[in-house]
Amino acid sequence: MNLLLYSAGLGYIQRGLETFTQELYEALYKQQDIQVTLFQGKGTQQLDGAVPVWAPKRNSKLYEYLPFSTLKPKSYRIENLIFSIPIVTHCYTKPCHIIHFSETLPANILYHLRKRLGGSYKLLFSNGGPTAPEHYQRYDYVQVLTPAQKQEALASGYPEDRLFLVPYGLDCQRFHQNWDQNQIWAQRRARNLPIDRSVILSVGAINASHKRMDWLVQEFAQLDPEQFFLWVVGQREEETAEIIALAAKLLKPGSYCFDTVPYAQMPEVYGISDYFVLCSLTEGFGRVYLEAMAAGLPVIAHKNINTEWILESQNLGLVNMTIPRALGNCLMKFEAEPNLRVIQTQQNQKLAVTRFDWNSLVNQYLAMYQKIYK
């Protein structure tokens, strides 16, 4: 069985989609019953056995200058169009049974080519965006990550026998640092973080439209800066400057910082934090929830059908993130009752390992591919 994975941003972009592609490849690469080919972007991080592909990066500084600045709104599309060329060549010159993907532009090209030229490859879409069902009806199979996604797909009329409910996986052991207090303090000092306050970590693209980092800043402004420190770690985007300006306006200097950290260092980031917070109202899945759970952190997130499935409905960290001070009240409850915090973190960690660790999930992925292959 020949499986193809691709991600144009893998190698220089740090988002959930790229991380998922990398970890899936690593989990499958040495499996005996499957041959895996990965096409990735040509960046600083090259995976063993992967095929690096040069394409103009979506965040290239070239787009800051004329005449290329006029193309900046289309930079993502341009990158993926050029990135698609070796993928198409591979699919028509070498054995390729299944193409498993999260980003759709190369797959759409293959879909149209197959209609005109033929081709035996199957298109398996992993709905990590998430994408509404009307946008993936053309694909042969769809991997949904949560029960809510599956219900939505079925309600749209997508055939159940072409749906697979298989969640994202995680190397949980990698995120379980188990450091003592002196080690945590040493790591914090190395990163210029305080040791006399609880560190609230939020991981995600620094924007307002999806991750609602503006809401996080506003909520943090209601907390005591002598008790809490806000640490935002994520990819910078066009909206980032506005978020940083808002923080400078509302927050006390020395009570917060914004960082971009290589993914390889993320276990350390979680390991030296006290709480994890994400204010987005919807996520395609939310890998960062799993990372924080595996690290043994209390996870404070918006309560919806997705987070109730990942974190379980009775999780004390699930709140209504549209209500002002709900986030702060949850933090203060954990601070006032340390035993509750310990119990919840232990439950989070156990849940992450039993349901979402790659060791538990790899057979589900192999079974999915085998069903498609047959």
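Computed from the coordinates by the stated procedures, all read-outs in this text should not be read as laboratory data. If you're wondering where the values come from, they're calculated on a predicted model, not measured in any experiment. Glycine gets a Cβ as well: all are built from the backbone with ideal geometry, and neighbour counts include every protein chain shown.
About its Cα centre, the range 172-356 has a charge dipole of approximately 220 debye under the convention of +1 per Lys or Arg Cβ and -1 per Asp or Glu Cβ, with nothing else charged. Quick one: length gained pulling Glu160 to Ser69 fully straight, 0.36 nm per residue minus the C-alpha distance? Gain in length upon complete extension: 28.3 nm.
List the residues, sorted by chain then number, that are 5 or more residues from Val51 or on another chain and whose placed amide H is less than 5 Å from its amide H. Here Leu38, Phe39, Gln40 satisfy the definition. Against the main long axis of the alpha-carbon atoms of the chain, helix 16-28 sits at an angle near 60°.
Structural descriptor for the range 172-356: relative contact order 23 percent, calculated from alpha carbon pairs under 8 angstrom and at least 6 residues apart.
Remark: relative contact order (the chain) = 14 percent; criterion is Cα-Cα distance under 8 angstrom and separation of 6 or more residues. Lys-Lys pairs in the range 26-131 that are eight or more residues apart or on separate chains and whose Cα atoms lie under 18 Å of each other come to 7. Comparing Ala245, Thr307, Leu281 along the charge dipole axis of the range 172-356, the residue lying farthest to the positive side is Thr307, per the Cβ-charge model. Projected label points at Glu335 and Tyr92, each 7 Å from Cα along the beta carbon direction, are separated by 6.2 nanometres. Put simply, the convex hull of the Cα atoms in the range 221-302 casts, on average, a shadow of 6.1 nm². May I ask for the Kirkwood hydrodynamic radius of the range 172-356, worked out over all distinct Cα pairs and given in angstroms to one decimal? The answer is 16.4 Å. Site pair Ser313 and Ser209 shows an inter-label distance of 3.4 nm when each label is modelled 7 Å from Cα along Cα→Cβ. Only Cα sites of the chain enter the Debye sum here, all with the same form factor; the resulting log10 I(q)/I(0) across q = 0.08, 0.11 1/Å is -0.43, -0.81, listed in q order.
Computed extension gain for Lys30 through Ala132, at 0.36 nm per residue and net of the alpha carbon distance, reaches 33.4 nm.
Name all residues of the range 265-302 having a backbone nitrogen under 18 Å from the label point set 7 Å from the Cα of Asp224 along its Cα→Cβ direction, giving them as ranges. Inside the label zone: 274-275.
Straight-line reach from Lys333: taking Cα to Cα under 20 Å and skipping same-chain neighbours fewer than 8 places apart, the aspartates and glutamates in range are Asp196, Glu219, Asp224, Glu226, Asp274, Glu308, Glu312. Once both axes come from the Cα atoms, what is the angle between helix 338-356 and the longest principal axis of the chain, in degrees from 0 to 90, rounded to 10? Its long axis makes an angle of about 10 degrees.
When you restrict to C-alpha pairs under 8 Å that are six or more residues apart and normalise by the size of the range 4-103, the relative contact order lands at 30 percent. Here the chain is treated with +1 on each Lys and Arg Cβ and -1 on each Asp and Glu Cβ, and its dipole about the Cα centre works out to around 1020 debye.
Which of the three applies to the range 250-354, rounded, prolate or oblate, going by the alpha-carbon gyration tensor with a ≥ b ≥ c and a/c under 1.5 meaning rounded? Rounded, since a/c falls under 1.5.
The separation of the range 169-206 from the range 91-124, counted between C-alpha centres, amounts to 41 Å.
Taking 0.36 nm per residue of separation and subtracting the current Cα-Cα distance, fully stretching the chain between Lys42 and Gln177 would add 45.5 nm. For the chain, the longest principal axis of the Cα atoms and the long axis of helix 240-250 meet at an angle of about 10 degrees. For the chain, the residue among Ile372, Pro147, Ala326 whose Cα projects farthest onto the positive side of the dipole built from Cβ charges is Ile372.
The calculated FRET efficiency for Ala190 paired with Ala248, based on their beta-carbon distance and R0 = 30 Å, is about 0.75.
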